[in-house]
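Report on the following structure.
Each reported figure results from applying straightforward, stated rules to the coordinates on display, with no laboratory input. The structure presented is a predicted model; accordingly, all values stated were derived computationally and were not measured. We place every Cβ from the backbone using ideal geometry, glycine too, and count neighbours over all the protein chains shown.
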Amino acid sequence: MSKIRTIQQHIHDQERLFPGATGDFTALLTSLVLSAKIISREVNKAGLANILGETDNINTHGETVTKLDEYAQQTICRAIGYSGQTCIMASEESEDIIPMPAGSKRGKYVLMFDPLDGSSNIDVNASIGTIFSIHRKVSVGAGDGSLEDCLQPGSRQVAAGYFIYGSSTMMVYTTGDGVHGFTLDPSLGEFLLSHENIRTPARGKIYSINEGNQQKWDAPTRRYIDYLKQDEKEQGRPYSLRYIGSLVSDFHRNLLKGGIFLYPGPKGKLRLLYEASPLAMVVEQAGGAASTGTERILDLQPQSLHQKVPLIIGSKDDVAQYEQFCKEALATAGD
Ligand code: AHG
Ligand code: MN
Ligand code: MN
């Protein structure tokens, strides 16, 4: 018989693994879970907006209807800002760091997030998500956090994960003790443990990349993708292309089934702090890998809040093979 376990019970158990735990971490994740339930409810109603008379961003009360990514941003800021566990936040949707509201308690955690990832998919009813990354404050003194607290390497994250608003709403997260997945039961309003200790296959059969960008790819990526398309006998196994264009969804599928996601160099598009680092922590905890092609994502020292990085993430052996293509390209260039 399988057990029934809520996210709350799970978070509480995870916090007990931290020496000197105070309950702050549980409270922070609880507020995040609340925000995700609110966002999920709104996402599920997205297709009804026009039918219910809300057009041109004006609803039936004459109020402006906020775009879903702004709504998600505001929801997280309101739920976390007043919770008292964070000292600073940063989001893909804000140019600068987000200070805590005046008068609210300051805590020891730093929250960074992508409020709505894959938002161009809302109109076509494809899965989207929210990604989060949690660090401890490192700047001196109590009180407000600063940019320094946000620009920490991903290896220092204390927790990371995502919510996916798909055929079901799920939460997948890690505190450095494996990766666990929970599915929202909307009738109960509870996330229930559905995927305990997720392990990603060492090698997959899926590759995910925007093929339309082929002309912009760097040379090793072009060679690697050509290689994957070769005759099955040449490279050992048949690969299928799967690309939704919503990172959380592409990542989640590959995490469960095995595979490799690539948004390659030279520059990349995805953000280190809100997308690459948190998913890198998740994938490594599930036995996979995340790389720029030449460096481990979690080792990168962020230089700025909205820094972009090439992201190659997924099954360990697939990512290692891509890195091998990069190494060979560098060696040839040096000849
Ligand atoms: P966001 O919706 O948060 O701006 O992220 C968009 C992303 C990501 O979800 C996806 O992997 C990528 O953009 C797709 O980009 P392309 O359309 O260039 O393939
Ligand atoms: Mn995104
Ligand atoms: Mn986004």
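Some observations on this one:
- Ratio of Rg to Rh over the range 7-195 (Cα coordinates, Kirkwood Rh, two decimals): 0.98
- Summing +1 for each Lys or Arg and -1 for each Asp or Glu among the other residues whose beta-carbon sits under 12 angstrom from that of Lys37 gives -2.
- Put in order of Cβ neighbour count within 10 Å, fewest first, the listed residues Cys77, Cys326 become Cys77, Cys326.
- Dipole of the chain computed with +1 at Lys/Arg Cβ and -1 at Asp/Glu Cβ about the Cα centre; of Gln8, Ile38, Cys326, farthest Cα towards the positive end is Gln8.
- With only Cα atoms counted, the range 187-279 has Rg and Dmax values of 15.6, 51 Å.
- Percent of Cα pairs in the range 206-334 per distance bin of 10 Å, from zero to the largest separation: 13, 47, 34, 5, 0.
- Residue exposure sequence - Ser167, Ser83, Ser194 - by fewest surrounding Cβ within 10 Å: Ser167, Ser194, Ser83
- For the range 206-334, the antiparallel share of DSSP beta bridges with both residues in that region comes to about 70%.
- Antiparallel bridge percentage (DSSP; both residues within the chain; nearest 5): 85
- Charged neighbours of Thr22, selected by a Cβ distance under 15 Å, balance to +4 (K, R count +1; D, E count -1).
- Greater than 19 Å apart at Cα, pairs in Lys67/Lys269; Lys137/Lys267; Lys205/Lys269; Lys216/Lys267; Lys37/Lys137: Lys67/Lys269; Lys137/Lys267; Lys205/Lys269; Lys37/Lys137
- Residue order, fewest to most beta carbons within 10 Å, for Asp185, Asp218, Asp149: Asp185, Asp218, Asp149
- Here is the list for the range 96-138: trypsin sites (Lys or Arg not before Pro) lying in DSSP coil, each with at most 12 other C-beta atoms within 10 angstrom of its C-beta, are Lys105.
- Between the range 169-241 and the range 1-49, the alpha-carbon center distance in angstrom: 24
- Computed over neighbours whose Cβ is under 15 Å from that of His10, the net charge equals -3, Lys and Arg +1, Asp and Glu -1.
- Volume per residue that the Cα convex hull of the chain spans, once the total is divided by residue count, Å³: 162
- Here is the list for the range 230-306: trypsin sites (Lys or Arg not before Pro) lying in DSSP coil, each with at most 11 other C-beta atoms within 10 angstrom of its C-beta, are Lys267.
- Estimated [θ] at 222 nm from DSSP helical runs (n ≥ 4, -39500 (n - 2.57)) normalised by residues in the chain, nearest 500: -9500 deg cm²/dmol
- Restricting the range 84-149 to GluC sites (Glu not before Pro) in coil, as DSSP defines it, with at most 15 other Cβ within 10 Å: Glu95
- Considering only Phe113, Phe261, Phe18, the Gaussian network model of the chain with Cα springs below 10 Å gives its largest mean-square fluctuation to Phe18.
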